[in-house]
Amino acid sequence: MEHTTRHDVHPEGRHDSHHDMGTNAMALSATLHCLTGCAIGEILGLMIGTALGLGTWTTIALAVSLAFLFGYALSTLPLLRAGLGVGTALSIVLAADTLSIATMELVDNSVMALVPGAMEAGLVNPVFWLSMMLALTVAFFAAWPVNRYLLARGKGHALTHEYHGAEPTGARRFIPELATPTLVAAIAAFMLGGLVVSVADDLGAEPASPHSAPALR
């Protein structure tokens, strides 16, 4: 009679489960990485647009452009540290990140446009920061399955993953290594700070009393 020990059994499902967990974790990291670049560009673009008094559509165009710029830049730095040339690094990043960033920008700006008063709120207004937090959260959940789909097929951030962690040499050692958790924490802290400042500004503004005496001329 043939006996099968526990060590002889290698369930197919267990291998698939570990593979799925690895893909999910990579998709999470890739999505957060793209999100930080998009958030930096979006906030900076909206701040510049507000400061210069630009129109809504001009401000959106500026914010989207900067989101792509910073998204690509954050993904390019690790490749440059790993020894790739600028042209090669950019070609890999364009292929890896474009669909993810485009998804985030489409969803993010759609949410901001749908929230009443979000685009006109201004930076010192809780509506702006709460709307931005909501928009980025929805954009994250929209882009995560996109990144997972690409990773499962060896595309997207799978194209850049092999270069991460490589030991830089020469002047490339001075290229900053920006860890995704650090970037996420910095963006979250900045947005929370913006919300706190805007709430404090609202609370500090004293509404005019209807019974106050008119000013003397």
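Out of the residues in segment 77-114 that are more than 20 Å from residue 153 (Cα to Cα) and small (Gly, Ala, Ser), which is modelled with the highest pLDDT?
87
Does segment 30-58 hold any residues that are at pLDDT 85 or above, surrounded by 15 or more Cβ atoms within 10 Å (Cβ to Cβ) and either in contact with a Cys (Cβ under 6 Å, 6 or more places away or on another chain) or among the hydroxyl-bearing types (Ser, Thr, Tyr) (or both), and which are they?
Answer for segment 30-58, where residues must be at pLDDT 85 or above, surrounded by 15 or more Cβ atoms within 10 Å (Cβ to Cβ) and either in contact with a Cys (Cβ under 6 Å, 6 or more places away or on another chain) or among the hydroxyl-bearing types (Ser, Thr, Tyr) (or both): 31, 36.
Tally the residues that are in a helix (DSSP H, G or I) and not polar (S, T, N, Q), restricting the search to segment 146-181. Full working, then the answer.
Residues of segment 146-181 in a helix (DSSP H, G or I): 146-152, 158-161, 170-174, 180-181.
From what is left, the residues that are not polar (S, T, N, Q) are 146, 148-152, 158-159, 161, 170-174, 181.
Count: 15.
Taking the options 90, 80, 94, name whichever one is in a helix (DSSP H, G or I) and touching a Lys or Arg at 6+ places or on another chain (Cβ under 8 Å).
Values: 90 fails: touching a Lys or Arg at 6+ places or on another chain (Cβ under 8 Å); 94 fails: touching a Lys or Arg at 6+ places or on another chain (Cβ under 8 Å).
It is 80.
Would you check if residue 23 is β-branched (Val, Ile, Thr), at pLDDT below 85, surrounded by 13 or more Cβ atoms within 10 Å (Cβ to Cβ) and assigned to a helix (DSSP H, G or I)? Before you say what the answer is, go through the steps one by one.
Working: β-branched (Val, Ile, Thr): yes; at pLDDT below 85: yes; surrounded by 13 or more Cβ atoms within 10 Å (Cβ to Cβ): yes; assigned to a helix (DSSP H, G or I): yes.
In short, yes.
In this structure, is residue 78 crowded, with 16+ Cβ neighbours inside 10 Å and within 16 Å of residue 43 (Cα to Cα)?
Details: crowded, with 16+ Cβ neighbours inside 10 Å: yes; within 16 Å of residue 43 (Cα to Cα): no.
No, not satisfied.
So which residues in segment 106-145 are free of Cβ contacts under 8 Å to residues at least 24 places away in the same chain and in a loop (DSSP other than H, G, I, E, B), if there are any at all?
115, 116, 117, 118, 121
Any chance you could count how many residues in segment 130-149 are aliphatic (A, V, I, L, M) and either closer than 16 Å to residue 184 by Cβ or buried (at least 22 other Cβ atoms within 10 Å of the Cβ) (or both)? Break it down into steps so the answer makes sense when it comes.
Step one: list which residues in segment 130-149 are aliphatic (A, V, I, L, M), which gives 130, 132-136, 138-139, 142-143, 146.
Those left that are additionally either closer than 16 Å to residue 184 by Cβ or buried (at least 22 other Cβ atoms within 10 Å of the Cβ) (or both): 132-133, 135-136, 139, 143.
Residues in segment 130-149 being aliphatic (A, V, I, L, M) and either closer than 16 Å to residue 184 by Cβ or buried (at least 22 other Cβ atoms within 10 Å of the Cβ) (or both): 6 in total.
Out of (1) at positive phi; (2) surrounded by 19 or more Cβ atoms within 10 Å (Cβ to Cβ), what's the single condition that is false for residue 154?
Residue 154 satisfies all of (1) at positive phi; (2) surrounded by 19 or more Cβ atoms within 10 Å (Cβ to Cβ) except (2).
The values are calculated or read from the model by the stated rules, or taken from the named source; none is laboratory data. Only a predicted model underlies this, so the values are computations on that prediction, with no experimental measurement involved. We place every Cβ from the backbone using ideal geometry, glycine too, and count neighbours over all the protein chains shown.
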